[in-house]
Amino acid sequence: MHFRDGAKGDSAPLLGLAVAGIAFVLAAAKVQAVHAEGVARLGDEKNWQAVAPGRVEPVSGEIRIAAPLAGLIAEVSVKTGDKVAAGELLVRLKDPEMEARIASAEAQIAMRKRARNDQAPSSRAGDRRKAEDAVSDGHKAVIDAQSDFDRIAMERRAGNASDAELEAASTALSQARDRLRQLRADLGKLEADSATPLPTPNEGQLNIARTELWAAEAASEKLSIRAPISGTVLQVNAKPGELAVPSATQPLVLLGDISALRVRAELDERDYGEIRIGQAVSVRPAAFRGREFAGKVYSIAPLVEASRNSRGQRNQSDVDVVEVLVDLAEPGPLAIGMKVDVYFRYDSAQH
């Protein structure tokens, strides 16, 4: 009985030795794994000519659309994720003074036209009158076609109009503009003809009133902020009732063509001479560990500048960089704004 108790008491040191041995084996395995990972990483780095951090962006870049002038926001026609065509209305500003100018010019035109029509023109002057009236009607046709295009674009985004209807409205607007250019050219030929008499005072006053109306309409069109390209709305920072001011730091709308994606990378200036356009790269996103996406160098900026991450107060450790654009062959799940690392492959001759 006493012998059994002694054996039981001696088992504790043996158990401790066993635990220590297991811990030693696990630690050794961990060290070996870390060493193997380091060796693999070192071997991986030997396969790359350079590495540069970057971010994913639309193939068009991020287009920051700001207000051309200050004004109250009357209407926001889009929301984030909407697909828009070039020329579609994004935001409309309101300027009561501009509306008053247009109304005043239209009243002047109506009055001056009645006074002009009270005088019968000669044959050649009559041709000029018809040409002037045609140009005026052409201006109105463009305004109406633009209004129809904006209306159908909004209905299409709401699901109440088709792409074909929007395309037809765009074609009608383009034809109206072409027609106006032709009418202006025809009027210019008549005015340049020495046989055409000069305008009478009433005719001249009508032309001045029409010019004032067109100037007011052109200024009013600046209040309609439109998409410069076809693309997708990435961000909307405008709300009806707010005051919009020209600002590059806070655009009203952020727009981009996401039919394809690219990477804007910052290459260390010391690697500038090693990289060439068309060079193959591998893009590794931080959000998808272990995944790689193929790409090619699209452009290399000829300018060396401070890194976007270190602009402002610079440290001695900051490096200057060259901006490199990389086209992605197949972006897959990558999203705009994601952080990535771009690995530049050696050319076979260089390797």
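Each Cα pair under 8 Å and six or more residues apart adds its sequence gap; the mean of these over the residue count of the range 48-192 is a relative contact order of 21 percent. Look at the Cα gyration tensor of the range 155-197: its axes a ≥ b ≥ c give a/c of at least 1.5 with a/b over b/c, and that counts as prolate. Between Asp320 and Ala66, the modelled label-to-label distance comes to 2.7 nm, taking each label 7 Å out from Cα in the direction of the beta carbon. For the range 187-245, the gyration tensor built on C-alpha atoms gives an oblate shape. Its axis ratio a/c (a ≥ b ≥ c) is at least 1.5, and a/b is not larger than b/c.
Sorting 114-125, 178-189 by their mean Cβ neighbour count within 10 Å, with the most densely packed peptide first, gives 178-189, 114-125. Summarising the amide proton neighbourhood of Ala66: residues at separation of 5 or more, or on other chains, whose placed amide H is nearer than 5 Å comprise Leu252.
Peptides 238-245, 274-281, ordered by how many other C-beta atoms sit within 10 Å of their residues on average, highest first, read 274-281, 238-245. Between Leu334 and any residue 5 or more places off or on another chain, the built amide H atoms are never under 5 Å apart.
We did not get these values from a lab; they are worked out from the coordinates using the rules stated. The model shown is predicted, which means the values in this text are computed figures rather than measured ones. All Cβ positions, glycine included, derive from the backbone under ideal geometry; neighbour counts span all protein chains shown.
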